[in-house]
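See structure below.
The values are calculated or read from the model by the stated rules, or taken from the named source; none is laboratory data. Quick caveat, the model's predicted, so the values are computed rather than measured. Here the Cβ is made from the backbone with ideal geometry for all residues, glycine too, and neighbour counts use every protein chain on show.
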Amino acid sequence: MSWTNLIAVASGGALGASTRYGINQWFVRQGWYGLPAATFAVKVIGCFLAGVLLVWLDTRLQGALWWRNLLMVGFLGGLTTFSALGVEGFQLLRANRIDLFALTVLAHVAVGVLAVAAGWKLGQVAFPH
């Protein structure tokens, strides 16, 4: 990995994470307490932008690695890693791999929720009240 690409990923990641924070704060100011509306919003926004960027990078920049690292890996990675699942799922659908698409989506959601539960349980043991 070159320093140029590393800087692109880091810069994009900082912008994406800052954007996510800003969106979350906006939802809090609007009174959206108790609902994961900000998380849902950034996931949908990230997936939408991933689709747009895939086309833009491939048609206008011929997949230029620096821009891909800045925008797809960095910015969207910092905004939401769900965009990566959206892209991979879309690619599976385009390849007519419905079976692998369904398994992938189910595994990501189920394992993600189970990992949160396991981490929560471990946190309860490691850091008792």
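The one condition from (1) within 14 Å of Leu79 (Cα to Cα); (2) surrounded by 14 or more Cβ atoms within 10 Å (Cβ to Cβ) that Phe40 does not meet is (2). Exactly one residue out of Leu106, Leu71 is farther than 18 Å from Val9 by Cα, modelled with pLDDT of 90 or more and part of a helix (DSSP H, G or I): that is Leu106.
Among the residues of the stretch 52-99, what is the count of those that are surrounded by 14 or more Cβ atoms within 10 Å (Cβ to Cβ) and not hydroxyl-bearing (Ser, Thr, Tyr)? Here the count works out to 29.
Within the stretch 4-26, can one find any residue that is in a helix (DSSP H, G or I), of a type in the set (D, E, K, R) and surrounded by fewer than 12 Cβ atoms within 10 Å (Cβ to Cβ)? No, every residue in the stretch 4-26 fails to be in a helix (DSSP H, G or I), of a type in the set (D, E, K, R) and surrounded by fewer than 12 Cβ atoms within 10 Å (Cβ to Cβ). Summed over the stretch 27-46, residues that are under 19 Å from the mean Cα position of the chain (by Cα) and assigned to a helix (DSSP H, G or I) total 11. Looking at the stretch 39-59, can you tell me whether even one residue there is among the charged types (D, E, K, R) and in contact (Cβ under 8 Å) with a residue 12 or more places away in the chain? Yes.
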